[in-house]
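K.L.:
My questions all concern the structure below.
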Amino acid sequence: MNKLITALLLPLLLIQTMPALAAATGPQAAKIIQLSQEGAAPLTNQDVLRMVEADFTPETILATIKTSPCDFVTTPAALQHLKEAGVPDAVILAMVMSPRGVAVTSHASPARQNLKVKIPNGVTIEVEAPFTVTSQEVKKGEAISFRVVNPVKVDGVVVIEAGATATARVVKASRGGHFGRAGRLAWEMQDVMAVDGTRIPLQSSGRIVGDSKGAKVATAMVITAVALPLIAPVALLHGFKRGENAILPAGKRFEVLTQGGAEIKAESKDEGGGMRDE
């Protein structure tokens, strides 16, 4: 008889306790999921090197850096190692700019919408060199990267963010030579990354010339030849004095201009945080 009563009451007890168990399990499960997401290991220099070795495209690596927590080592020695390992300049720049332990994610609300914005020809953009480049280290045809200093707006809408990557192509790179010949470094700007990932063409160029010691070398050779006419060939030794390499220092700023017209997608907000009326 007791077994029969127990068998009848057990289903009723389960029905009454199920909602309570579900209520307790829901928040606990959500907490576990949240802890799992927060505990994701941040990206390191080795992770980037592995992606480069696996032939990931620079765009894929940049997207991974932008959406992941990061813990990069960006000392000069570490950056030099990355460059020697073939990591693209744009990726190295993104590593330098990424905040530690923070994933740069988008929290756009459902109410936001993308607006089409036309970027006209000749918009001024201030850029700077993120690290030092010398005419001895680069070759003609190689790409070098710059970063945008201030946000660029068109009709009150940010179209290029501060920190965006601008790319240039080296058109001349010569180290300092004998007889005081100065090194030279020249480049032509290629494009800059807009807020939606579109590459905006640029029309500017730049050049740097190292310190030339040609006049000093010529004077020394003349004086030596006059003073020692019997051993004038000694004067040629002065020709082995090299001129300085051309150096683009880290932090060097200059202005570039957009080329042609380009249309991008961007978000527009008023001063109070809402959408700007179009």
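K.L.:
So the check is Cβ under 8 Å with 6+ separation or different chains; which pairs have a first residue in segment 180-201 that's farther than 25 Å from Val123 by Cα and open to solvent by 20 Å² or more (accessible area, probe 1.4 Å) and a second one that's modelled with pLDDT under 90 and assigned to a loop (DSSP other than H, G, I, E, B)?
P.N.:
Close Cβ pairs satisfying both conditions: Arg181/Ser212; Arg181/Arg242; Arg181/Gly243; Arg184/Ser135; Arg184/Gly210; Arg184/Ala246.
K.L.:
Could you tell me whether segment 128-137 includes any residue that is under 13 Å from Met189 (Cβ atoms), among the aromatic types (Phe, Trp, Tyr) and within 18 Å of the chain's Cα centre (by Cα)?
P.N.:
no
K.L.:
Now for a separate question. Collect the residues in segment 129-174 that are in a strand (DSSP E or B) and of a type in the set (Phe, Trp, Tyr), keeping them in residue-number order.
P.N.:
Phe146 - this is the single residue of segment 129-174 that is in a strand (DSSP E or B) and of a type in the set (Phe, Trp, Tyr).
K.L.:
Considering only segment 86-93, I want to know if a residue exists there that is out of contact with any Phe, Trp or Tyr (no Cβ under 7 Å at 6 or more places or on another chain), acidic (Asp, Glu) and buried (at least 19 other Cβ atoms within 10 Å of the Cβ).
P.N.:
The answer is yes; a qualifying residue exists.
K.L.:
Given the condition over 23 Å from Glu137 (Cβ atoms) and at pLDDT 90 or above, answer yes or no: does some residue in segment 1-19 qualify?
P.N.:
Looking through segment 1-19, none of the residues is over 23 Å from Glu137 (Cβ atoms) and at pLDDT 90 or above.
K.L.:
A further question follows. In this structure, does Glu59 turn out to be within 25 Å of Glu161 (Cβ to Cβ), of a type in the set (Asp, Glu) and at pLDDT 85 or above?
P.N.:
yes
K.L.:
Select from segment 247-278 the residues that are more than 18 Å from Val117 (Cβ to Cβ), open to solvent by 50 Å² or more (accessible area, probe 1.4 Å) and at pLDDT 80 or above and write down the one among them that is farthest from the chain's Cα centre (by Cα).
P.N.:
Within segment 247-278, the match that is farthest from the chain's Cα centre (by Cα) is Ile247.
The values are calculated or read from the model by the stated rules, or taken from the named source; none is laboratory data. Every value quoted in this text rests on a predicted model; they were computed, and no experiment measured them. So basically every Cβ, Gly included, is an ideal-geometry build from the backbone, and we count neighbours across all protein chains shown. With ligands, DNA and RNA removed, areas are computed over all heavy atoms of the protein, side chains included. Shrake-Rupley method; radii C 1.70, N 1.55, O 1.52, S 1.80 Å.
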